[in-house]
Amino acid sequence: MTQTIAFIGGGNMASAIIGGLIKQGMTASDILVVEPYEEARTKLKELFGIDALSAPGPELARAGLIVWAVKPQTFKDAALQTKAYTANALHLSVAAGIRSDSVAAWLGNERIIRCMPNTPALIGKGITALYPRAGVNAADRQWAGEVIATTGQFLWLEREEQLDAVTAISGSGPAYMFYFMEAMTAAGAEMGLPAEQAYQLAVATFIGAGELARASTESPEVLRQRVTSKGGTTYAAITSMDESGVKALFAKALHAARNRAKEMGDEFGSAA
């Protein structure tokens with residue numbers, strides 16, 4: 001990672017990757033950022049000592065890798081403004097839904113890697129799935145992997161359409177965890193616990209269960225069964241959720257997220 005890396009967009013996800021790169025020894029002078037919002041530029045200066053650009057310019061031509069951390073609805077306009085300076089770069093997109101065909105058409109470049117990270121990347125605990133377009137070579141893949149590894153784990157996909165499922169499961173996934181934490185905290189308070197303690201218990205339980213699952217070779221079904229004695233308290237809770245169709249409703253929600261990712265590709269990803 002000795003070449004200059006540029007970020008189009010300087011929000012949370014860009015900051016997570018930048019922070020990881022700097023922790024790995026990359027200097028701020030080798031990182032360029034284009035960020036139109038002054039508040040975000042100020043934050044980048046305070047956090048990393050980076051003087052971000054307000055608009056694309058010739059400085060981008062020295063970047064070997066461009067990381068696209070923009071909102072899907074602004075990607076096309078940003079790409080068309082940047083195209084003239086980035087013809088020789090590798091491009092890594094973290095934008096949900098925007099397909100590589102669209103990115104390649106906007107940039108006139110086939111060295112495109114799409115990826116879907118998630119917000120735990122902000123503390124180096126993320127999980128990211130990547131898909132390389134045919135124009136991406138082995139060295140490109142290695143470089144992209146080294147960059148993303150600064151934010152946590154990563155894996156490579158065989159088909160681009162699988163990214164929509166990744167978006168539904170892990171990209172949006174932290175919000176589901178927080179949603180359940182909200183419910184557990186509220187229920188704990190209803191049952192007489194101070195809200196702060198209920199929240200502490202909920203957070204620690206999610207962290208502990210996740211670590212147990214990662215350390216175990218058993219399936220989540222088996223792990224669940226091990227704490228579900230028939231007639232016990234866990235059994236009562238699981239039975240109540242099954243009777244309410246919680247598992248089916250949750251699966252329906254994941255499909256809704258995947259379908260929205262596909263819709264965003266159609267809505268914002270036109271190459272025209």
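The values are calculated or read from the model by the stated rules, or taken from the named source; none is laboratory data. All of these numbers come straight from a predicted model, not from anything done at the bench. Backbone-built Cβ (ideal geometry, glycine too); neighbour counts: all protein chains shown.
Taken as a whole, the structure leaves THR228 outside the set of residues that are in contact with a helix residue (DSSP H, G or I) (Cβ under 6 Å, 6 or more places away or on another chain), assigned to a helix (DSSP H, G or I) and over 28 Å from GLN153 (Cα atoms). Screening segment 254-272 for residues that are within 14 Å of ALA168 (Cα to Cα) and of a type in the set (D, E, K, R) and picking the one that is surrounded by the fewest Cβ atoms within 10 Å (Cβ to Cβ) gives GLU263. Of all residues in segment 257-270, those that are under 19 Å from TRP106 (Cα atoms) have Cβ atoms under 6 Å from Cβ atoms of residues that are exposed (fewer than 15 other Cβ atoms within 10 Å of the Cβ), 6 or more apart or on another chain, in PHE268/GLN73. Can you confirm whether ASN109 is without any contact (Cβ under 8 Å) to a residue 60 or more places away in the chain and buried (at least 22 other Cβ atoms within 10 Å of the Cβ)? Answer is no for this residue. Scanning segment 54-80 for residues that are charged (D, E, K, R) and part of a loop (DSSP other than H, G, I, E, B) yields a single hit, LYS71.
Only residues that are surrounded by 19 or more Cβ atoms within 10 Å (Cβ to Cβ) and among the hydrophobic types (A, V, I, L, M, F, W, C) were counted across segment 123-134, and they come to 3. Pick from ALA134, ALA168, ALA186: which is of a type outside the set (Asp, Glu) and assigned by TED's automatic domain parsing to the domain that holds LEU254? Step by step, each of ALA134, ALA168, ALA186 is checked, and only ALA186 is of a type outside the set (Asp, Glu) and assigned by TED's automatic domain parsing to the domain that holds LEU254. If you take the residues of segment 221-253 that are farther than 21 Å from ALA209 by Cα and either surrounded by 12 or more Cβ atoms within 10 Å (Cβ to Cβ) or among the polar types (S, T, N, Q) (or both), which of them is farthest from the chain's Cα centre (by Cα)? Among them, the one singled out is SER244.
Listed here are the residues, each with its yes/no results for (1) in a helix (DSSP H, G or I); (2) in the same structural domain as ALA138 (by TED's automatic domain parsing); (3) buried (at least 22 other Cβ atoms within 10 Å of the Cβ).
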position: SER29; (1), (2), (3): yes, yes, no
position: THR82; (1), (2), (3): yes, yes, yes
position: ALA95; (1), (2), (3): no, yes, yes
position: VAL103; (1), (2), (3): yes, yes, yes
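Taking the options ALA204, ALA198, ALA215, name whichever one is of a type outside the set (Phe, Trp, Tyr), modelled with pLDDT of 95 or more, more than 19 Å from ASN118 (Cα to Cα) and surrounded by 12 or more Cβ atoms within 10 Å (Cβ to Cβ). Result: ALA198 is the single residue among ALA204, ALA198, ALA215 that is of a type outside the set (Phe, Trp, Tyr), modelled with pLDDT of 95 or more, more than 19 Å from ASN118 (Cα to Cα) and surrounded by 12 or more Cβ atoms within 10 Å (Cβ to Cβ).
Answer yes or no as to whether LYS45 is in contact with a helix residue (DSSP H, G or I) (Cβ under 7 Å, 6 or more places away or on another chain), surrounded by fewer than 22 Cβ atoms within 10 Å (Cβ to Cβ) and farther than 24 Å from THR167 by Cα. When the stated conditions are applied, LYS45 does not pass them. Within segment 56-67, not a single residue is farther than 20 Å from ILE31 by Cα and surrounded by fewer than 19 Cβ atoms within 10 Å (Cβ to Cβ).
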